[in-house]
Amino acid sequence: MATYHSIKELIRGLQQGTKLLNDMFMKRKTVAVKYDDALETLEGDENKLKHLITFGVIVQSGEALELDDAYQRFFEEVLAVNEDINISSVKTYIDKLKLGIDSYLAAENNIRREGFLREIRHTFKSIENTTRRNVMDLKRNVDDTYKQEPNFKIKELRLKDFDEKGQLIAELIRQTERVIDEQHIFFASAANYSLKQTVSEVRDSLKDSAHGLIAVSAQIIDYLNRIEYQSRLVKRVRQLKYLHDQYMIEQTTNIKEIVTQTNDVWMERQPKYITRVSLDFLRNEDTALDILDNIRRRLSKKANIKSRLAERIDSNYLEEQTETARAFNHQELLNGFLAQSRDLFYYVWNYSFTDLLDKELRLVLFLQMASQYPDQLHYTDEMKTMNNIEYPIIYPL
């Protein structure tokens, strides 16, 4: 099998089959792509397909084609959609870290020490990136497994496996922090700013990852408790159904007594628990197409409001009309009232307006004047009656 010898050659090779690689990656969990279908995706260019097979990007098994495991893992890790928690042995990471530190302390010249320092920094960063990425993958996979897996037993087994992998990640964090705390001689002799900065960043990142692991562990425990409760409930329901089908439920259980003592509000609406579909599932699973198609059909059945033409506008609305609004100059009325000695109600009631005012408008005007100018009016306790209207006596100050 041929291999790529440079990054430039690798990118050029992958670029030739971009459309096919994207299609195969989207279908990696469902079906294997047929050779003829792959050729059709590449618009009949068989040379491009043979190139990808020759260089090991695509693996051919008969008429079926699949992505090579190395490239599939690479795409999944870069796109952060991998389902496997890929963490090497804790001992492997720690031994590599300790080997680099011991080699640095044993080196006699600065050139070799600089090389070992770079190796140590890379190991620290590798531990940081691996830990952070695996915590994110662990959280996503835990949620997806609980929401998408229909089988209770498989769901429980996978969640317990995730819990064990979380413990491995936590152990890697503890061992790395212990190495940082115990290697006093190394950090004292290696007065390197880049190394100190790297160690500080790694320490902070490991703390964040540890907090994230605590939350994931609590979520796993909660999910396992729910599964156990649901499993017990399903088991009991199946037992009751078996007894009911065998006409033995009344002889072997006290179900009638329990039901008669139950005072539940039977007409109350039952709560519905909606499990939302994850975005990763909608993007990567072919079965999500059925869900989206079902939603599309439901939306298409809704009644659409048809637009209707408005009737012709009546010509009366288009003609210019004049509306006269009556307005009073309250300040002018007040000035005239302050210049005389009668009470306010008598003044307003007998005032000579240009237009004829009825009794109701004069009464409204009296109330407006009495409420708008309290600082310029003298309110007395005396009351009088005129035309069956009882009013207070108000004089000017």
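Around R232, with a cut-off of 12 angstrom between Cβ atoms, what is the net charge of the other residues, counting Lys and Arg +1 and Asp and Glu -1? Don't skip to the answer; put the middle values down first.
Working: positive: R226, K235, R236, R238; negative: E228.
Computed value for this residue: +3.
Say each of D95 and L224 gets a label point 7 Å from the Cα, pointing the same way as Cα to Cβ; how far apart are those two points in nm?
Each label point is offset 7 Å from its Cα along the Cβ direction, giving 3.0 nm.
Viscosity 1.567 mPa s, temperature 4 °C: give me the Stokes-Einstein translational D for segment 330-396 in µm²/s, with Rh taken as the Kirkwood radius over C-alpha pairs. Mind dumping the intermediate values first?
Values: Rh = 12.2 Å.
This corresponds to a translational diffusion coefficient of 106 µm²/s.
What is the helix-to-structure angle for 69-79, meaning the angle in degrees between its Cα long axis and the longest Cα principal axis of the chain, kept from 0 to 90 and rounded to the nearest 10?
That works out to roughly 30 degrees.
What are the ³J(HN,Hα) values, in whole Hz, obtained from phi via the Karplus relation 6.51 cos²θ - 1.76 cosθ + 1.60 with θ = phi - 60°, for each residue of segment 355-363 in sequence order, with x given for Gly and Pro?
So the Karplus estimates, Gly and Pro as x, are 9, 6, 10, 7, 5, 5, 5, 5, 5 Hz.
Dipole size in debye (nearest 20) for segment 7-79 around its Cα centre, Lys and Arg Cβ +1, Asp and Glu Cβ -1?
On the way: 10 positive and 14 negative charges, 45 e Å.
About 220 debye.
Given the pairs K19/K153; K98/K165; K27/K147, which are separated by over 28 angstrom at their Cα positions? Mind dumping the intermediate values first?
Values: K19/K153 38 Å; K98/K165 23 Å; K27/K147 21 Å.
Pairs exceeding the cut-off: K19/K153.
Output the relative contact order of segment 330-396, whole-number percent, from Cα pairs under 8 angstrom with separation of 6+ residues.
On the way: 60 pairs, mean separation 25.1, N = 67.
Normalised by residue count, the contact order of segment 330-396 is 37 percent.
Mind checking the dipole of the chain: about its Cα centre, +1 per Lys or Arg Cβ, -1 per Asp or Glu Cβ, Debye to the nearest 20? Show your work: numbers first, answer last.
Working: 57 positive and 63 negative charges, 265 e Å.
Charge dipole of the chain: 1280 debye, to the nearest 20.
Output the Kirkwood hydrodynamic radius of segment 135-203, Cα pairs only, in Å rounded to one decimal.
Values: mean 1/r = 0.0677 Å⁻¹.
In segment 135-203 this quantity evaluates to 14.8 Å.
Run the Debye formula on the Cα coordinates of the chain, all scatterers equal and no solvent, and tell me log10 I(q)/I(0) at q = 0.07, 0.12, 0.13 1/Å.
-0.69, -1.21, -1.27
Once phi is turned into θ = phi - 60°, what whole-Hz ³J(HN,Hα) does the Karplus curve with 6.51, -1.76 and 1.60 give for every residue of segment 332-337, x standing for Gly and Pro?
Result, rounded to whole Hz: 5, 4, 5, 4, x, 5.
Compute a Gaussian network model of the chain, connecting alpha carbons closer than 10 Å, and tell me which residue from I111, I220, I53 fluctuates the most.
Checking each option, the largest mean-square fluctuation is seen for I111.
Placing +1 on the Cβ of each Lys and Arg and -1 on the Cβ of each Asp and Glu in the chain, which of Y317, M136, V31 has its Cα farthest towards the positive end of the resulting dipole?
Value: V31.
Counting each pair of different Cα atoms once, what's the Kirkwood radius of segment 90-242 in Å, rounded to one decimal? Can you show the working numbers first?
Values: mean 1/r = 0.0559 Å⁻¹.
This gives a value of 17.9 Å.
Tell me the Kirkwood hydrodynamic radius of segment 7-79 in angstroms, computed as one over the mean inverse distance between distinct C-alpha pairs. Mind showing how you got there, number by number?
On the way: mean 1/r = 0.0816 Å⁻¹.
Final number for the Kirkwood radius of segment 7-79 is 12.2 Å.
All of the numbers you see were taken from the coordinates with simple rules; none came from a lab. Since we're looking at a predicted model, the values are computed, not measured. All Cβ positions, even for glycine, are placed from backbone atoms using ideal geometry, and neighbour counts span all protein chains on display.
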